[in-house]
Amino acid sequence: MNEAKGSLRSIEQKYKLFQQQQFTFIAALEHCRENAHDKIRPISSIEQVQSYMEHHCSNATDRRALHMFLDLCAELSRLCLRFEALHAGTPVTNSLLDKCKTLVSQSNDLSSLRAKYPHDVVNHLSCDEARNHYGGVVSLIPLVLDLMKEWIAHSEKLPRKVQQHGAT
């Protein structure tokens with residue numbers, strides 16, 4: 001469990017760096033959307049960000065910002081698998097983990113996601129951007145991190161025997 005908590009803390013630190021790059025990330029998505037002649041659709045999936053980076057990204061700064069987002073998503077996905085292996089789970093922890101896995105799925109539709117208080121990632125976007133294009137993609141990571149912290153909190157309350165089930 002301590003190793004999983006350490007991994008989550010490491011991801012949170014990387015996310016803090018990513019937050020500092022949010023304007024660069026949004027600009028990169030905007031440039032890619034322009035290059036792809038795709039200015040109408042919102043950014044709706046991790047898969048779409050990946051495709052933009054591979055096919056429509058024209059400079060290193062944009063590529064670096066998109067890559068940072070995709071790396072965080074991949075790390076969150078791997079951490080879901082590690083959490084799953086820690087213990088058999090309870091209905092509560094299984095539900096939290098299922099939500100996490102769904103959210104970080106490559107093709108999951110993110111367009112309707114919106115992080116709420118205390119997360120202010122959506123507040124940094126203009127109204128049009130938040131409502132129509134990027135609100136979901138910038139909300140993904142804080143929402144998954146919250147679910148993972150909740151999973152850890154519930155898991156730590158389980159009897160030791162249940163926690164050790166996955167470790168044997």
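The values are calculated or read from the model by the stated rules, or taken from the named source; none is laboratory data. Being a predicted model, the structure only gives us computed values, none of them experimental. Note that we place each Cβ from the backbone using ideal geometry, even for glycine, and neighbour counts take in every protein chain shown. Note: areas computed on protein heavy atoms with side chains; ligands, DNA, RNA excluded. Shrake-Rupley method; radii C 1.70, N 1.55, O 1.52, S 1.80 Å.
General observations
- To put it simply, the accessible area of the chain at a 1.4 Å probe is 53 percent carbon and sulfur.
- Among the lysines of the chain, pairs at least eight places apart or on separate chains and with Cα atoms under 23 Å apart come to 24.
- When +1 charges are put on Lys and Arg Cβ atoms and -1 charges on Asp and Glu Cβ atoms, the dipole computed for the chain relative to its Cα centre reaches about 560 debye.
- Dipole of the chain, positive direction: furthest Cα of Gly89, Cys57, Ile46, with charges on the beta-carbon: Gly89
- Divided by 2.2 N^0.38 Å, where N counts the residues, the Cα radius of gyration of the chain comes to 1.10.
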